[in-house]
Structure formats: structure tokens, C-alpha cells
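Take a look at the structure below.
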Amino acid sequence: QQGALEDGLALLVEGLNELQVCSEEHDHPTKVALVHLWLGWASFLLARNAEADEFGRRGLALYEAAGDRWGIARCQYLIGNNDTALGRLRSAEQVLEACRSTATVIGDRRALALASRNLSILAGWFGDYETARSLIDESLKLSETFGDRLGMAYAMREIGKLEVIEGKGSAAVETLEASIAITDDIGAQWESAATADDLVNALAAIGDHHAAERALTTCLAAAEATSNRYYTTRSIGDLGAIALGRGDLERAEHLLADASTRWRAMGHEPYLAWTLAQLGHVVSADSSRRRQAERFYAEALQLTIRHRLAPFALDVIAGAATLDDCG
């Protein structure tokens with residue numbers, strides 16, 4: 001939680017080895033499952049997604065064999081997060097709904113709050129903002145009922161993102177800064193850095209591009225220090241979008257091209273679609289590069305349709321329409 005991910009991973013591996021020396025796996029399946037669950041989380045935060053999936057599914061199988069529904073819900077949540085990070089949004093939605101159902105049956109408020117929060121994120125990707133707001137409000141209320149400050153910070157992060165979409169930039173800045181204040185206070189340094197990436201959009205929405213770049217620099221430094229490919233790539237792409245907003249097209253194209261290469265290598269098609277759309281916006285400013293802009297928009301639109309990303313599709317269509325306006 002403090003961001004020392006490699007150290008945490010090494011300790012978990014050591015613990016698993018000790019546990020397996022002390023006893024056969026079948027004697028203590030839930031102990032072994034718990035270590036696999038946390039190995040999955042450490043791998044996930046390091047953006048080692050194949051390993052995260054393997055650990056999560058191994059933990060899930062052990063918990064299922066033991067009939068431990070608490071563990072089943074937690075592994076389902078991990079797998080859903082990992083699928084989301086890989087852009088497998090429909091798969092993520094299914095497993096997070098299963099997590100939500102499992103948590104509801106056993107009255108696990110934390111797992112229910114976490115699953116609702118991540119389902120809210122997916123609803124936002126799909127453009128269903130009403131459902132997204134309902135789910136995240138539920139997540140915040142659940143976390144408040146048992147004083148889960150980290151859960152509250154998670155929920156506030158997503159509320160801030162929705163406030164940006166609703167055109168409430170100033171309110172979003174306050175909400176996201178309040179989320180960071182909580183994670184700073186409890187020592188969840190990585191979460192503070194991750195929320196800084198979302199703060200960028202709120203700051204850009206109110207026109208404070210310099211503060212947005214400072215927030216992104218914070219997130220990018222933390223992501224690079226922990227070898228987190230996901231947030232490194234997000235930060236690079238967001239820096240490109242800020243450069244685009246400021247009219248620095250050369251810098252914007254360089255950063256967005258870098259981000260698109262990284263998303264393509266990671267196989268994250270939803271974020272690749274967004275990045276290609278931004279590249280289309282950059283290139284369309286030069287009438288001599290119209291064909292290249294069309295190619296960016298065409299691929300972006302194909303990906304948004306494949307993943308049913310309504311907000312991204314609207315952005316692509318609006319950008320492509322400017323090409324017609326230019327003749």
C-alpha cells in the first residue's frame with residue numbers, strides 16, 4: 001500500500017515458499033489462496049497482468065475448493081480489475097457482477113463497495129453515467145458505514161471523474177484533492193499518485209494546464225519508479241492531450257504516438273481508441289495530412305464500436321466531422 005511493490009512481492013513469494021515448506025497445500029488451502037490473492041495484487045499494481053491473472057485464478061480455484069466465499073469474492077474482484085486494465089471490459093463486467101453477487105450473499109460490505117466502484121468505472125466507459133453515479137454513490141455510502149477511509153478515497157476518485165464529465169470542474173478538483181488528502185494521511189502513496197492522474201483532467205477542465213502538468217509529473221514519476229506500464233502510458237497520453245489543448249501540436253503528436261505504441265503493445269484497445277482519436281485531432285490541424293487523420297479516426301471508431309465506448313465514439317465522430325468542414 002505504501003508503493004514498495006517489488007519489496008512487497010518479494011516478501012509474498014518468501015511467505016508462500018515458507019508456507020509450502022511447512023505444510024502440504026491441501027492442508028491449508030485458504031492460507032495458500034490468500035498469498036496467491038496478494039501476489040496477484042502486487043503483480044497487478046506492477047502491470048504484470050499475465051501473472052496477476054494466473055495468481056488470481058489460482059487463488060480463486062483454491063477458495064472455491066474450500067467453499068470460502070469471502071476469498072471467492074476477493075479473487076473475483078482482482079480478476080475483474082485485471083481484465084479492466086487489459087481493456088477486456090465485457091469480461092470485467094461479468095466477473096465484477098459475480099463478485100457483487102457473492103459479496104451481497106455473505107454481507108461483505110467492503111467487497112460489495114469495491115465491486116460497485118469498479119462497475120461504476122465500466123458504466124462510465126460505456127457512457128451510462130446515470131448507472132455509474134448510482135453505483136459509486138452506493139460504494140461511498142457502504143465505505144462510510146464501517147469507516148473504510150481507503151474505500152472512501154476510491155469512491156471519491158470516481159465521483160471526481162464523473163464531476164468532470166458533468167462540467168463541474170471546480171467541484172471535481174475539490175473532490176479529487178480530498179481523495180488524495182485521505183490516501184496521503186493513511187500512507188497509501190501509490191493511490192495518491194494514481195489519483196493525481198485523474199486530477200489532471202479536472203485541472204485541465206478549469207484551464208489550469210500548468211497544475212495539470214505538475215500532477216501528471218507526480219503520477220508519471222511514481223509509475224516509472226514502480227515499473228507500472230499502465231499508469232506510465234496513461235500519463236504519457238494525458239501529457240499529450242494537455243499539449244494538444246495548449247496548441248503544442250509537435251509535442252502532442254510525439255507523446256500521443258508514444259502512448260499509442262505502448263497501448264497497442266499492451267493490447268488495451270479502449271485506451272488505444274482514445275489515443276488514436278487524439279492523434280486524429282492533432283493531425284487534422286494540417287490539411288495536407290487529411291488521409292492520415294482519416295486513418296486514425298477510422299481505427300479509433302472501429303475500436304469504440306467493438307467495445308461499445310459511446311463517449312469515445314462521439315469524440316471520434318466530432319473530430320472526423322471537422323475533416324468534412326475543411327473540404
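For GLU158, indicate whether it is under 16 Å from the mean Cα position of the chain (by Cα) and charged (D, E, K, R).
yes
Take the conditions free of Cβ contacts under 8 Å to residues at least 40 places away in the same chain, buried (at least 16 other Cβ atoms within 10 Å of the Cβ) and in contact with a Phe, Trp or Tyr (Cβ under 6 Å, 6 or more places away or on another chain) and apply them to ALA52. Does it pass?
Against the criterion (free of Cβ contacts under 8 Å to residues at least 40 places away in the same chain, buried (at least 16 other Cβ atoms within 10 Å of the Cβ) and in contact with a Phe, Trp or Tyr (Cβ under 6 Å, 6 or more places away or on another chain)), ALA52 qualifies.
Which pairs turn up if I take residues in segment 21-33 that are modelled with pLDDT of 90 or more and look for partners that are aromatic (Phe, Trp, Tyr) with beta carbon separation below 8 Å, at least 6 apart in sequence or on another chain?
ALA33/TYR63
Find the residue count for segment 215-235, including only residues that are crowded, with 23+ Cβ neighbours inside 10 Å and among the basic types (Lys, Arg).
Summing the residues that are crowded, with 23+ Cβ neighbours inside 10 Å and among the basic types (Lys, Arg) in segment 215-235 gives 1.
Condition first: of a type in the set (Lys, Arg) and touching a residue at least 24 places away in the same chain (Cβ under 8 Å). Now tell me which residues in segment 161-175 satisfy that.
LYS161
Out of the residues in segment 257-309 that are over 26 Å from SER91 (Cα atoms) and among the hydroxyl-bearing types (Ser, Thr, Tyr), which is surrounded by the fewest Cβ atoms within 10 Å (Cβ to Cβ)?
Once the filter is applied, the top-ranked residue is SER288.
Which condition number in (1) modelled with pLDDT under 95; (2) in contact with a Leu (Cβ under 9 Å, 6 or more places away or on another chain); (3) within 30 Å of ILE305 (Cβ to Cβ) is the one that GLU93 fails?
Of (1) modelled with pLDDT under 95; (2) in contact with a Leu (Cβ under 9 Å, 6 or more places away or on another chain); (3) within 30 Å of ILE305 (Cβ to Cβ), only one is false for GLU93: (1).
Looking only at segment 71-87, which residues are of a type in the set (A, V, I, L, M) and open to solvent by less than 20 Å² (accessible area, probe 1.4 Å)?
Within segment 71-87, the subset of a type in the set (A, V, I, L, M) is 72-73, 78-79, 85-86.
Matches in segment 71-87: ALA73, LEU78, ILE79, ALA85.
So, ASP238, is that one part of a helix (DSSP H, G or I), within 21 Å of TYR154 (Cβ to Cβ), at pLDDT 90 or above and open to solvent by 50 Å² or more (accessible area, probe 1.4 Å) or not?
Numbers: part of a helix (DSSP H, G or I): yes; within 21 Å of TYR154 (Cβ to Cβ): yes; at pLDDT 90 or above: yes; open to solvent by 50 Å² or more (accessible area, probe 1.4 Å): no.
No, not satisfied.
Taking segment 170-213 as the region of interest, how many residues are open to solvent by 10 Å² or more (accessible area, probe 1.4 Å), in contact with a Lys or Arg (Cβ under 6 Å, 6 or more places away or on another chain) and over 14 Å from GLY151 (Cα atoms)?
Residues that pass the stated criteria total 1.
If I go through segment 1-15 residue by residue, how many of them are modelled with pLDDT of 75 or more and under 28 Å from the mean Cα position of the chain (by Cα)?
Of the residues in that region, 10 qualify.
For segment 77-90, which positions are within 18 Å of ALA47 (Cα to Cα) and assigned to a helix (DSSP H, G or I)? Break it down stepwise before answering.
Just the residues of segment 77-90 that are within 18 Å of ALA47 (Cα to Cα), to begin with: 77-89.
Within segment 77-90, TYR77, LEU78, ILE79, GLY80, ASN81, ASN82, ASP83, THR84, ALA85, LEU89 meet the criteria.
Please work out which residue is nearest to the chain's Cα centre (by Cα), limiting yourself to segment 267-297 and to residues that are within 29 Å of ALA50 (Cβ to Cβ) and outside any helix (DSSP H, G or I).
My answer is HIS268.
Go through ARG90, ARG109 for me and flag whichever is open to solvent by 50 Å² or more (accessible area, probe 1.4 Å) and within 23 Å of LEU150 (Cβ to Cβ).
ARG109
The values are calculated or read from the model by the stated rules, or taken from the named source; none is laboratory data. Model, not experiment: these values are computed from the prediction. When we count neighbours, we look across all protein chains shown, and the Cβ atoms used for this are built from the backbone with ideal geometry, even at glycine. Accessible surface areas use protein heavy atoms only, side chains included; no ligands, DNA or RNA. Shrake-Rupley method; radii C 1.70, N 1.55, O 1.52, S 1.80 Å.
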